[in-house]
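The values are calculated or read from the model by the stated rules, or taken from the named source; none is laboratory data. Treat the numbers as computed from the prediction; the structure is a model and nothing was measured. FYI the Cβ positions are ideal-geometry reconstructions off the backbone, even for glycines, and counts take in every protein chain you see. Surface accessibility is based on the protein's heavy atoms, side chains included, excluding ligands, DNA and RNA. Shrake-Rupley method; radii C 1.70, N 1.55, O 1.52, S 1.80 Å.
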Amino acid sequence: MAFSRLRHVVRSRSFSFVSVRPITIGSVTRAVDTQDFSVEGISNAIFFRPSALSLANRVCRSPFAVKLQIGARCFSSNGPHIVLEMPALSPTMNQGNIAKWRKKEGDKIEVGDVICEIETDKATLEFESMEEGYLAKILAPEGSKDVAVGQPIAITVEDSEDIKNVPTTLSSASDNKEEKSTHGDVGNRERTPQTSFSRISPSAKLLIAEFGLDTTSLKASGPRGTLLKGDVLAAIKSGMGSSRASNSSREKKSLSESTLSPQPTPHASPSRPRSPALTVDAHEDFPNSQIRKVIARRLLESKQSIPHFYLSSDVILDPLLALRKELKDQHDVKVSVNDIVIKAVALALRNVPEVNAYWNEEKGEAALCDSVDISVAVATEKGLMTPIVRNADQKSLSAISIEVKELAEKARAGKLAPNEFQGGTFSISNLGMFPVDCFCAIINPPQACILAVGRGNRVVEPVVDSDGTERPTVVTKMNLTLSADNRVFDSDIGGRFLSALSSNFSNIQRLLL
């Protein structure tokens, strides 16, 4: 195998080759500006080089290495094999999910074959082999969640004859672990649950047996540690002790049989109905993906740490709609309202550069951005993603329209490259396709602003004619709401930005210059 295309190779003890390349992007966070890259490694090392997925060939001027525990070659009496471990595919990754296994146990692996897909906190990546062999054993099955970095996920061998030897070795090790786990479980079962009371009143016993409460969660308030009826009622009202494990159920059953004397009650019904107020509502847990967890964490961080302030303004949309119709009828150029909004925002940012900035946490100060890169929110099945239109102020409407369509399609298909969603300077969230008049968006840190775009509404407004007289006219108005970071700039600068943006909508022809 040729090594000439690798730079700054970090040597390790193993000879396992892997390559990782992005296929699904799900983070709405802004990371540092990076070159588009794919990842290659030799065992415990990782290398970044310009990706074949990039739209343009670029040179990685400063390749760097990040250590990964990808695999180690082992030699045993059963033959040599390679243990593949969960790699750290990003600086913040400490665990990952096995989204899908592309290869099955026993399958032959060729150079460049994708073994599996790993979902990280930022993307879903293809785990690509750079060495021939056979997939002998899958240790982390498809759908495995929160697999720690460094934990073995699979075993490969060079010779197909060694496949039959690997399961025997693994089963013995796993049997030992299961045996230890079983002994631990038995020891836990034999332990008597500790209660916080030494005595119990008869009425409290009846309530415990009737509602099937866990005695270990009840707190006694009576004299000398006596559990009273009021203590049990308080626990029922607060929901404590309403659920219990199977071994706890057997304990409560034996408790009720040994301590309670059943009284014959011919008129009593077989089972007393529970009070509706005490019935636990049925629900279904909806598991979060790694991407949704990142979105939730980042948006919570934004709302808690960034001092948001909001500025709202209505703009008349009729000149924009007229331009859109003219481009379609006369020049056969189809652009959306959102495309024109992107261009208008980009020019306003160029006129008011203080808004095109971000907050530098390390220095504790605002920093202006050199380029106008607009992040456009796109809804996908995995969550909200923000592909970026680079240098939007320098592009024509038709170029922006084509690029937005391509980025949105790639985002929904999960094929965005890192440089296509990392590093935006300003975000736009448009809900104009829904019956949403206005809304306030949450800032995407470390950016300083996000613009919320509502739908257009036809309203009657007084319009001044050329002769100076006012007359009622039906116009289409659209609401724009700016969410801004008050650490980066004050409201007067935000007002200047909205004024420049409104002028772009009024004099829509300037967008063609």
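For the reader, a short list of remarks on this structure follows.
- Cα centroid separation - region 355-379 against region 401-417, whole Å: 22 Å
- Within the shell defined by Cβ-Cβ distances under 15 Å, the residues around VAL436 carry a net charge of 0, with Lys and Arg each +1 and Asp and Glu each -1.
- Rolling a 1.4 Å probe across all protein chains gives ASP332 an accessible area of roughly 120 Å².
- Probe 1.4 Å, all protein chains present, accessible-area order of VAL460, VAL337, VAL372, largest first: VAL460, VAL337, VAL372
- Counting only heavy atoms of the protein chains and using a 1.4 Å probe, VAL149 has close to 50 Å² of accessible surface.
- Pairwise label distance in nanometres, VAL459 with LEU368, each label 7 Å out on the Cα-Cβ vector: 3.5 nm
- Label point distance in nm, SER160-LYS104, each placed 7 Å from Cα along Cα→Cβ: 1.5 nm
- Exposure rank, largest accessible area first [LYS145, LYS219, LYS382, LYS205; 1.4 Å]: LYS219, LYS145, LYS382, LYS205
- 30 Å Cα-Cα threshold exceeded, pairs from LYS395/LYS415; LYS100/LYS343; LYS303/LYS395; LYS108/LYS293; LYS100/LYS293: LYS100/LYS343; LYS303/LYS395; LYS108/LYS293
- With all protein chains in place and ligands, DNA and RNA left out, the 1.4 Å accessible area ranks TYR134, TYR310 as TYR310, TYR134, largest first.
- Carbon plus sulfur fraction of accessible area for region 385-458, probe 1.4 Å, in percent: 56 percent
- Accessible-area value, ARG455, 1.4 Å probe, nucleic acids and ligands omitted, Å²: 80 Å²
- For region 416-466: relative contact order, % (alpha-carbon pairs under 8 angstrom, 6 or more apart): 37 percent
- Length-normalised contact order for region 455-506 - Cα pairs under 8 Å, 6+ apart - percent: 28 percent
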